[in-house]
Amino acid sequence: MADDHLPELTGFTLSLRDQVATLTLDRPEKMNAMTRDMWQALGVMIGRIERDEAARAIILTGAGPHFCAGADIGEFETVRRDAETARAYEALNAAAFAAIRNATIPTIAAIDGVCFGGGFGLAAACDLRIATPQARFAVPAAKLGLAYPVEAMGDIVATAGAQMARYLTFSSARIDAQKAMDCGFLLEITASETLLARAGEIAGVLALNAPLSIRASKASIAAALSGRKEDMEHAQNLGDATFESTDYAEGRRAFLERRAAKFLGR
């Protein structure tokens, strides 16, 4: 497939190649700090990708040498100045994190440089994370005197573990890529010059597999983490549906014929 550039919203660049969509946070002059408008737009961007049947995986990354410095604190005097405005702002945060977390196709964060605060939350909401040795991670809410959104905290606990979540949020300390790898937050560490290529390799492998199967697996893992009955029922329904799908029949035929399966996502 050719490199098809999709319509963009301010602060992002979006492209699609070989069934893999790459969504780039594009404010390198601000270390890709997220504005209020960007938080609001992110869910729109994820939805746009999901509606494109050609997209089978998403890579989330940052322009320039950094992933994301978090929320743009320069806006806080206006958009996050008190409890009322903070609730509205955090609703946008939560919706952005949820859009990534609940995406029907797998998401991979490709991280270089700083991955702080809301940027850490974006990465934590992704299914998989890879980073360079230069990557640094922090959740500095305690230094700013604010609380991290509850749902996003669930992502941090699920990806880094409860003890590391406590350490990061209580101390506001920065950890390096190896520490993030050791606690399970990262899948692997790769050189800066190969970061996007390696993310593309992983995404390409996922894109070749059955979309309905991956969607059911995502739901099952989410249900295992949440323990909620409704999540378990949803995952079971998605799992049951795979056995009625065209892709399941194709997978069986391909195995018997000793060839690569061609999955259609239905």
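The values are calculated or read from the model by the stated rules, or taken from the named source; none is laboratory data. None of these values were measured; they are calculated from a predicted model. Neighbour counts run over all protein chains shown; Cβ positions are idealised from the backbone, glycine included.
The residue of region 60-71 that is nearest to residue 93 (Cα to Cα), among those that are in contact with a strand residue (DSSP E or B) (Cβ under 6 Å, 6 or more places away or on another chain) and without any contact (Cβ under 8 Å) to a residue 60 or more places away in the chain, is 71. For region 81-122, taking the residues that are of a type in the set (A, V, I, L, M, F, W, C) and part of a loop (DSSP other than H, G, I, E, B), the one that is surrounded by the fewest Cβ atoms within 10 Å (Cβ to Cβ) is identified as 103.
Looking only at region 188-222, residues that are among the small types (Gly, Ala, Ser), outside any helix (DSSP H, G or I) and over 22 Å from residue 262 (Cβ atoms) come to 1 in all.
Residue-wise test of (1) out of contact with any strand residue (DSSP E or B) (no Cβ under 7 Å at 6 or more places or on another chain); (2) more than 22 Å from residue 55 (Cβ to Cβ); (3) of a type outside the set (D, E, K, R); (4) assigned by TED's automatic domain parsing to the domain that holds residue 21.
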residue: 165; (1), (2), (3), (4): yes, yes, yes, yes
residue: 175; (1), (2), (3), (4): no, yes, yes, yes
residue: 189; (1), (2), (3), (4): no, yes, yes, yes
residue: 197; (1), (2), (3), (4): yes, no, yes, yes
residue: 217; (1), (2), (3), (4): yes, no, yes, no
residue: 232; (1), (2), (3), (4): yes, yes, yes, no
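Pairs needed: first member in region 171-188, without any contact (Cβ under 8 Å) to a residue 40 or more places away in the chain; second member anywhere, in a loop (DSSP other than H, G, I, E, B); C-beta distance under 6 Å; at least 6 residues apart or different chains. Correct list of pairs: 172/140; 183/161. Using the structure shown, decide if residue 106 is over 18 Å from residue 154 (Cβ atoms) and within 9 Å of the chain's Cα centre (by Cα). Here the answer is yes, as residue 106 does meet what is asked.
State yes or no: is residue 141 in contact (Cβ under 8 Å) with a residue 60 or more places away in the chain and more than 26 Å from residue 47 (Cβ to Cβ)? Considered against the rule, which asks whether it is in contact (Cβ under 8 Å) with a residue 60 or more places away in the chain and more than 26 Å from residue 47 (Cβ to Cβ), residue 141 comes out as no. Under the condition of being at negative phi, modelled with pLDDT of 95 or more and surrounded by fewer than 18 Cβ atoms within 10 Å (Cβ to Cβ), the residues counted in region 142-169 number 5.
For region 223-265, the candidate set comprises residues that are part of a loop (DSSP other than H, G, I, E, B) and within 24 Å of the chain's Cα centre (by Cα); within that set, the residue that is surrounded by the fewest Cβ atoms within 10 Å (Cβ to Cβ) is 227.
Given the structure, is residue 64 part of a loop (DSSP other than H, G, I, E, B), closer than 18 Å to residue 33 by Cα and in the same structural domain as residue 121 (by TED's automatic domain parsing)? Against the criterion (part of a loop (DSSP other than H, G, I, E, B), closer than 18 Å to residue 33 by Cα and in the same structural domain as residue 121 (by TED's automatic domain parsing)), residue 64 qualifies.
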